[in-house]
1. Under 9 Å between Cβ atoms, at least 6 apart or on separate chains: pull out the pairs that start in segment 290-316 with a residue that is closer than 15 Å to G239 by Cβ and end on any residue that is of a type in the set (D, E, K, R).
2. Could you count how many residues in segment 201-226 are surrounded by fewer than 17 Cβ atoms within 10 Å (Cβ to Cβ) and not in a helix (DSSP H, G or I)?
3. Pick from segment 317-340 the residues that are among the β-branched types (V, I, T) and touching a Phe, Trp or Tyr at 6+ places or on another chain (Cβ under 8 Å): which of them is nearest to S113 (Cα to Cα)?
4. Considering only residues that are within 18 Å of the chain's Cα centre (by Cα) and of a type in the set (A, V, I, L, M, F, W, C), look in segment 161-201 and name the one that is modelled with the highest pLDDT.
5. Cβ-Cβ below 7 Å, separation at least six or inter-chain, first residue in segment 421-448 and among the hydroxyl-bearing types (S, T, Y), second part of a helix (DSSP H, G or I): which pairs?
6. So, K262, is that one charged (D, E, K, R) and either within 15 Å of the chain's Cα centre (by Cα) or surrounded by fewer than 17 Cβ atoms within 10 Å (Cβ to Cβ) (or both) or not?
7. Only residues that are closer than 25 Å to S388 by Cα and not in a loop (DSSP other than H, G, I, E, B): list them for segment 430-448, please.
8. Return the total of residues in segment 32-53 being in contact (Cβ under 8 Å) with a residue 40 or more places away in the chain and either part of a loop (DSSP other than H, G, I, E, B) or of a type in the set (D, E, K, R) (or both).
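The values are calculated or read from the model by the stated rules, or taken from the named source; none is laboratory data. Computed from a predicted structure; not experimentally measured. We place every Cβ from the backbone using ideal geometry, glycine too, and count neighbours over all the protein chains shown.
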Amino acid sequence: MSLSKQVLLKDPTNTLHRQFKNDEFWQKIPAWSSVTRAEFGDHKWQIKNTLVKIDQIQKVLGPRLSDSFYRDMLGGQKITPMNIRITPYVFALINWDNPIDDPLRKQFLPIASQSLPDHPFHMEDSLSEDVDSPVPTLTHRYPDKVLFLPTTICPVYCNYCTRSRIIGGSTESVEKDTYGANQTKWDAVFDYIKKNPTIEDVVISGGDAYMLTAKQLTYIAESLLAIPHVRRMRFATKGIAIFPQKILTDDEWVNAVIAMVKKARAMGKQAVIHTHFSSPIEITEWSRLAMERLYFEGVLVRNQAVLQAGVNDSVEEMVLLTRQLSFMNIQPYYIYMHDMVPGCEHLRTTLRTGVSLEKAVRGTTAGFNTPTFVCDLPGGGGKRHVASYEYYDEENGISVWTAPNVKPGKVFTYFDPIHCLNKDAQARWGEEKTRQEMVQSAKKRSGH
């Protein structure tokens, strides 16, 4: 823990969260040593120089990339369910003197040496989004809310993506049917929503809403606003965190967002953005300026992050992230326990970590700026507060849950990473019969 972070935690009056990185950090990358601030700040330059292959990384870094780490990344590509796609902005923020331990590298550039076997109960569609899909690209689980996935494209591909089964194109280990932004399927979604008057809330995700064009964004917004019973729209994007230059220089796209928000407000409805900062390291002066523009235009932004080992699973990092988001007028909304999807076991934490972190974060800032820590239950039980389990066998890493108003009568289970358990528990998980007995015992002890 750095001294400055210790000070932040022990002294709430410390102003570390008001300090924003503002040097020419990208010029430390050999290929970008002469790139000006104006060039780096242009969204078109960022798109043009986005990295999508390991060989590009080798070319851009030159002597800063060791042979061993290059081979480690190549090995990672053979087993990851996600292709590489990383903006220059994020790439340049990685500490290339120690990429192994860097929180941003861990999120976006997988390496073979850190990979762990998937949990025996992992699922490609951990949240059962496809099961609860009445029409293609739509999930309807909660009575008044739906999830709309109009695209499978993102400005970056995250290693921890819950939708790695459909996002980021096929890899050596996973074949996918990618549909990009397929507008021909959207009208069926709008028709379904029209026919279901209980639906008031629509989350537009993907993929990433950042990758919708201004015209597509407007088409979706106007189609939904025209439905009388739709009251709230949430456009989900990681873009503000990993590509803030778009907010500052892509006027056509930003103006479409502003127009959508103003039209919704004039109709007595809501249109907001949900973004995805996971680490304070992602936050720079570019982030602050991007949020300044949106805030002055009346665009409400909330944040949803995923709890990840070695990224944000310390009290110091989580407090700093929470307070810095609040300072930028981003409301910290959710911190998710990591979903049980393939290729992510090294990033998952125990449930106890989530419970302890929320206890520590609560009270460090105003309640309305304190994120709620939740577990999105495997099997489609929806989001539950991390401490609302029915039973938690901490030794064996088994938690039992119910979701009375989502799927009445059904029992759900979530599992801690096996490598975080003691050796005896790890041995028990090695035997299929024993693991089944442990799960049944946990359910029995929960009373369900």
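1. A290/K246; V299/R293; R302/R234
2. 3
3. Pass one, segment 317-340, residues among the β-branched types (V, I, T): 319, 322, 330, 335.
Cutting the leftovers down to touching a Phe, Trp or Tyr at 6+ places or on another chain (Cβ under 8 Å) gives us 330, 335.
On the way: I330: 35, I335: 27 Å.
Taking the candidates together, the pick is I335.
4. Looking at residues that are within 18 Å of the chain's Cα centre (by Cα) and of a type in the set (A, V, I, L, M, F, W, C), I get C161.
5. Matching pairs, first to second residue: T434/R428.
6. Details: charged (D, E, K, R): yes; either within 15 Å of the chain's Cα centre (by Cα) or surrounded by fewer than 17 Cβ atoms within 10 Å (Cβ to Cβ) (or both): yes.
Yes: the conditions hold for K262.
7. Listed by number, the residues that qualify are R435, Q436, E437, M438, V439, Q440, S441, A442, K443, K444, R445, S446.
8. Number satisfying all stated conditions: 4.
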